Amino acid sequence: MSPISPERAAALMRAGAVLVDIRERDEHAREKIGGARHHAVSMLDREHPARPGDSVLIFHCRSGARTRQHAGHIATACPAGIETYILDGGIDAWKKAGLPVVLDRSQPISIMRQVQIVAGSLVLLGVILGVAVSPGFYALSGFVGAGLAFAGISGFCGMARVLELMPWNRTSQA
(Lines give C-alpha, C1' and ligand atoms only; values in the text may rest on other atoms or scores of the structure.)
Protein backbone atom coordinates (compact mmCIF):
# COMPACT_ATOMS: atom_id res chain seq x y z
CA MET A 1 0.00 0.00 0.00
CA SER A 2 1.57 3.21 -1.10
CA PRO A 3 0.58 6.70 0.01
CA ILE A 4 -1.05 9.07 -2.46
CA SER A 5 -1.86 12.77 -2.25
CA PRO A 6 -5.41 14.02 -1.71
CA GLU A 7 -5.43 15.43 -5.24
CA ARG A 8 -4.43 12.07 -6.72
CA ALA A 9 -7.02 10.30 -4.54
CA ALA A 10 -9.74 12.68 -5.77
CA ALA A 11 -8.73 12.00 -9.39
CA LEU A 12 -8.82 8.24 -8.80
CA MET A 13 -12.25 8.58 -7.17
CA ARG A 14 -13.55 10.42 -10.24
CA ALA A 15 -12.30 7.42 -12.25
CA GLY A 16 -14.17 4.94 -10.03
CA ALA A 17 -11.86 4.27 -7.08
CA VAL A 18 -13.51 3.81 -3.69
CA LEU A 19 -12.38 5.80 -0.68
CA VAL A 20 -12.64 3.76 2.54
CA ASP A 21 -12.82 5.55 5.90
CA ILE A 22 -11.30 3.33 8.62
CA ARG A 23 -12.15 5.63 11.52
CA GLU A 24 -14.70 4.53 14.09
CA ARG A 25 -18.42 5.18 13.61
CA ASP A 26 -18.60 8.28 15.82
CA GLU A 27 -15.74 9.99 13.96
CA HIS A 28 -17.22 9.16 10.56
CA ALA A 29 -20.71 10.35 11.56
CA ARG A 30 -19.47 13.83 12.48
CA GLU A 31 -17.20 14.53 9.50
CA LYS A 32 -16.52 12.54 6.35
CA ILE A 33 -15.38 12.80 2.78
CA GLY A 34 -18.42 12.65 0.53
CA GLY A 35 -18.83 9.27 -1.10
CA ALA A 36 -16.41 7.53 1.26
CA ARG A 37 -17.40 4.05 2.37
CA HIS A 38 -17.20 3.52 6.11
CA HIS A 39 -15.34 0.41 7.25
CA ALA A 40 -13.82 0.90 10.70
CA VAL A 41 -10.47 -0.77 11.27
CA SER A 42 -12.11 -2.62 14.17
CA MET A 43 -14.34 -4.39 11.60
CA LEU A 44 -11.48 -5.80 9.49
CA ASP A 45 -11.48 -9.19 11.20
CA ARG A 46 -15.24 -9.59 10.75
CA GLU A 47 -15.78 -8.23 7.26
CA HIS A 48 -13.68 -7.49 4.17
CA PRO A 49 -13.54 -3.83 3.10
CA ALA A 50 -13.74 -4.70 -0.61
CA ARG A 51 -17.08 -5.19 -2.38
CA PRO A 52 -17.83 -6.89 -5.69
CA GLY A 53 -16.74 -4.62 -8.52
CA ASP A 54 -14.06 -2.79 -6.51
CA SER A 55 -10.74 -2.52 -8.31
CA VAL A 56 -9.07 0.41 -6.50
CA LEU A 57 -9.43 1.17 -2.79
CA ILE A 58 -7.99 4.20 -1.03
CA PHE A 59 -7.95 4.01 2.77
CA HIS A 60 -7.97 6.98 5.10
CA CYS A 61 -8.28 8.02 8.73
CA ARG A 62 -7.98 11.45 10.35
CA SER A 63 -4.25 12.12 9.94
CA GLY A 64 -2.95 9.05 8.13
CA ALA A 65 -1.19 7.61 11.18
CA ARG A 66 -3.84 4.99 11.97
CA THR A 67 -4.00 3.89 8.34
CA ARG A 68 -0.20 3.51 8.16
CA GLN A 69 -0.21 1.63 11.48
CA HIS A 70 -2.78 -0.87 10.19
CA ALA A 71 -1.61 -1.00 6.55
CA GLY A 72 -0.50 -4.62 6.77
CA HIS A 73 -3.77 -5.71 8.32
CA ILE A 74 -5.77 -3.76 5.73
CA ALA A 75 -3.73 -5.21 2.86
CA THR A 76 -4.29 -8.79 4.02
CA ALA A 77 -8.03 -8.11 4.37
CA CYS A 78 -8.27 -7.08 0.70
CA PRO A 79 -8.52 -9.74 -2.00
CA ALA A 80 -5.66 -10.13 -4.47
CA GLY A 81 -5.92 -8.02 -7.60
CA ILE A 82 -7.31 -4.91 -5.90
CA GLU A 83 -5.06 -1.85 -5.99
CA THR A 84 -4.80 -0.33 -2.51
CA TYR A 85 -3.54 3.06 -1.46
CA ILE A 86 -3.32 5.18 1.67
CA LEU A 87 -4.55 8.77 1.60
CA ASP A 88 -1.41 10.55 2.77
CA GLY A 89 -2.32 12.82 5.67
CA GLY A 90 -5.89 11.50 5.92
CA ILE A 91 -8.96 13.70 6.04
CA ASP A 92 -6.85 16.49 7.57
CA ALA A 93 -4.71 16.68 4.40
CA TRP A 94 -7.84 16.35 2.24
CA LYS A 95 -9.30 19.47 3.88
CA LYS A 96 -5.96 21.30 3.73
CA ALA A 97 -5.92 20.64 -0.02
CA GLY A 98 -9.24 22.48 -0.26
CA LEU A 99 -11.25 19.37 -1.08
CA PRO A 100 -14.80 19.15 0.28
CA VAL A 101 -15.97 17.27 3.36
CA VAL A 102 -19.41 16.61 4.77
CA LEU A 103 -19.73 17.99 8.30
CA ASP A 104 -22.74 17.07 10.41
CA ARG A 105 -22.63 19.31 13.47
CA SER A 106 -25.71 17.55 14.85
CA GLN A 107 -23.48 14.53 15.54
CA PRO A 108 -21.37 14.54 18.71
CA ILE A 109 -17.60 14.88 18.61
CA SER A 110 -15.71 11.59 18.81
CA ILE A 111 -15.72 9.67 22.09
CA MET A 112 -11.94 9.93 22.38
CA ARG A 113 -12.06 13.73 22.08
CA GLN A 114 -14.78 13.75 24.73
CA VAL A 115 -12.56 11.61 27.00
CA GLN A 116 -9.69 14.04 26.47
CA ILE A 117 -11.88 17.03 27.33
CA VAL A 118 -13.36 15.43 30.46
CA ALA A 119 -10.08 13.92 31.69
CA GLY A 120 -8.15 17.13 31.08
CA SER A 121 -10.83 19.18 32.83
CA LEU A 122 -10.86 16.86 35.85
CA VAL A 123 -7.06 16.92 36.15
CA LEU A 124 -7.06 20.72 35.91
CA LEU A 125 -9.89 20.95 38.46
CA GLY A 126 -8.00 18.66 40.84
CA VAL A 127 -4.88 20.83 40.60
CA ILE A 128 -6.79 24.10 41.05
CA LEU A 129 -8.74 22.76 44.02
CA GLY A 130 -5.53 21.24 45.43
CA VAL A 131 -3.87 24.65 45.40
CA ALA A 132 -6.88 26.78 46.37
CA VAL A 133 -8.82 24.55 48.80
CA SER A 134 -6.99 21.48 50.07
CA PRO A 135 -4.10 19.29 48.93
CA GLY A 136 -6.50 16.33 49.20
CA PHE A 137 -8.00 17.39 45.86
CA TYR A 138 -4.77 16.36 44.11
CA ALA A 139 -6.14 12.82 44.51
CA LEU A 140 -8.71 13.66 41.80
CA SER A 141 -5.89 14.34 39.33
CA GLY A 142 -4.12 11.17 40.46
CA PHE A 143 -7.29 9.11 40.05
CA VAL A 144 -7.86 10.38 36.51
CA GLY A 145 -4.20 9.78 35.63
CA ALA A 146 -4.41 6.22 36.97
CA GLY A 147 -7.57 5.65 34.92
CA LEU A 148 -5.88 6.88 31.75
CA ALA A 149 -2.85 4.69 32.41
CA PHE A 150 -5.13 1.69 32.98
CA ALA A 151 -7.00 2.47 29.74
CA GLY A 152 -3.74 2.62 27.82
CA ILE A 153 -2.46 -0.64 29.26
CA SER A 154 -5.68 -2.65 29.14
CA GLY A 155 -7.48 -1.16 26.15
CA PHE A 156 -10.57 -0.59 28.32
CA CYS A 157 -11.57 3.01 29.05
CA GLY A 158 -14.30 3.26 31.64
CA MET A 159 -14.75 6.97 31.00
CA ALA A 160 -15.38 6.30 27.30
CA ARG A 161 -17.97 3.65 28.21
CA VAL A 162 -19.78 6.12 30.48
CA LEU A 163 -19.63 8.87 27.85
CA GLU A 164 -21.10 6.50 25.23
CA LEU A 165 -24.21 6.26 27.42
CA MET A 166 -24.75 10.01 27.56
CA PRO A 167 -27.85 11.28 25.74
CA TRP A 168 -25.92 13.35 23.20
CA ASN A 169 -24.02 10.23 22.07
CA ARG A 170 -27.04 8.00 21.60
CA THR A 171 -28.07 9.73 18.37
CA SER A 172 -24.81 9.09 16.46
CA GLN A 173 -25.47 7.51 13.06
CA ALA A 174 -22.82 6.65 10.47
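The calculated FRET efficiency for Trp168 paired with Ala80, based on their beta-carbon distance and R0 = 45 Å, is about 0.55. Would you be so kind as to identify which of Ile74, Gly53, Ile33 lies farthest towards the positive end of the dipole of the chain, taking Lys and Arg as +1 and Asp and Glu as -1 on Cβ and the Cα centre as origin? Checked the options; the winner is Ile33.
Only protein atoms count toward the accessible area here, which uses a 1.4 Å probe; on the chain, the carbon and sulfur part of that area reaches 61 percent. Taking Cβ atoms as reference points and 13 Å as the exclusive limit, the residues near Ile58 contribute a net charge of -2, counting Lys and Arg as +1 and Asp and Glu as -1. This model, with +1 at the C-beta of Lys and Arg and -1 at the C-beta of Asp and Glu, gives the range 13-87 a dipole about its Cα centre of some 160 debye. Taking 0.36 nm per residue of separation and subtracting the current Cα-Cα distance, fully stretching the chain between Val102 and Arg8 would add 31.9 nm. Think of the chain as a dipole: +1 on every Lys or Arg Cβ, -1 on every Asp or Glu Cβ, centred on the Cα centre; then among Ser106, Leu165, Val18, Ser106 lies furthest on the positive end. Each of Phe150, Val127, Gln116 was scored by the projection of its Cα onto the charge dipole of the range 73-174, and the greatest displacement toward the positive side belongs to Val127; charges sit on the C-beta of Lys, Arg, Asp and Glu. The phi torsions of the range 87-96, fed into the Karplus equation with coefficients 6.51, -1.76 and 1.60 and a -60° offset, translate into couplings of 6, 5, x, x, 5, 4, 5, 4, 5, 4 Hz, rounded to whole numbers, with Gly and Pro shown as x. Rounded to the nearest 20 debye, the dipole size of the chain about its Cα centre is 200 debye, using +1 on the Cβ of Lys and Arg and -1 on the Cβ of Asp and Glu.
Probe of 1.4 angstrom, ligands and nucleic acids ignored: what's the accessible area per residue over the chain, in square angstrom?
Heavy-atom accessible area per residue stands at 56 Å².
Ordered from highest to lowest accessible area with the whole protein assembly present and a 1.4 Å probe, Tyr85, Tyr138 read as Tyr138, Tyr85. Summary value for the range 45-172: 19 percent relative contact order, contacts being C-alpha pairs under 8 angstrom separated by 6+ residues. Between the range 99-131 and the range 5-49, the alpha-carbon centres lie 25 Å apart.
The values are calculated or read from the model by the stated rules, or taken from the named source; none is laboratory data. Everything numeric here is computed off the predicted structure, so don't read it as measured data. Reconstructed Cβ throughout: ideal geometry from the backbone, glycine too, with neighbour counts over all protein chains shown. For accessibility, only protein heavy atoms count, side chains too; no ligands or nucleic acids. Shrake-Rupley method; radii C 1.70, N 1.55, O 1.52, S 1.80 Å.
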